[in-house]
Amino acid sequence: MKRVTRGLTTTAMLVVAAAAGVASPGAASATVSRETVTFSVFETGLSDDCRSGITGTLTGTGVLSTQSVETSTGFHLEGTVGGPGRIDWSDGTFTLIDSVDHFAFNAVGKGTTAFSETHVDSGDFYSADGVFLFRNTFHEVEHFTVTDGVVRVDFSKGHLHFFFGNC
């Protein structure tokens, strides 16, 4: 599941990098920008960590919403990316998924940047004839701060829960 939604997170990272690259901290007043982008997700050849030899095809919809604020003292970007999807597995089973990432990026002071992200995946697994089998969720939190090229804080924590079953 984590592998599936990392594509959405990668999209968010690209937006962060692009926005940070165009920011000019010398602005006299606050400039606020809001954007929302909806996109299709399609990925083939997914593997299932619990069932070797099974492959899947993901179809879904992603939504990326951001807000940036630029002032004379720095730049702040925050947003959410995620959405629902379905994975159809080669054995006929399927998984209904949802993913959401909340992220924030700050460029403040001389040479200081901070990034944080919370990530939640969930999936409801069904047999080929539509009988509910189990649900899993994955939670992850990441944060890091860089000052003058030196990482001062680097934190990552994740955990996986299974409900009504396991792999």
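As a footprinting exposure proxy, order Leu77, Leu133 by other Cβ within 10 Å, with the fewest listed first.
Fewest-to-most Cβ neighbours within 10 Å comes out as Leu133, Leu77.
Fully extended, how many nm does the chain gain between Thr38 and Arg152 (0.36 nm per residue separation, minus their Cα-Cα distance)?
On the way: separation 114, 0.36 × 114 = 41.04 nm, distance 3.48 nm.
This chain segment gains 37.6 nm when fully extended.
For the stretch 49-163, go through all pairs of different Cα atoms, get the mean of 1/r, take its inverse, and jot down that Kirkwood value in Å.
16.6
Looking at the stretch 34-74 from every direction and averaging, what is the projected area of its Cα convex hull in nm²?
For the Cα atoms of the stretch 34-74, the hull's average projected area reads 4.9 nm².
Please give the FRET efficiency for Phe132 paired with Thr59, using the beta carbon to beta carbon distance and R0 = 30 Å, rounded to the nearest 0.05.
E(calc), rounded to 0.05, equals 0.90.
What FRET efficiency comes out for Arg86 versus Ser52 if R0 is 22 angstrom and r is the Cβ-Cβ distance? Round to the nearest 0.05.
Numbers: r = 22 Å, r/R0 = 0.98.
According to the calculation, E is roughly 0.55.
Relative contact order for the stretch 61-167: what percent, with Cα pairs under 8 Å and sequence separation of 6 or more?
19
Laboratory data are not the source of any read-out in this text; all were calculated from the coordinates shown. All figures in this text were calculated on a predicted structure; none of them were measured in a lab. FYI the Cβ positions are ideal-geometry reconstructions off the backbone, even for glycines, and counts take in every protein chain you see.
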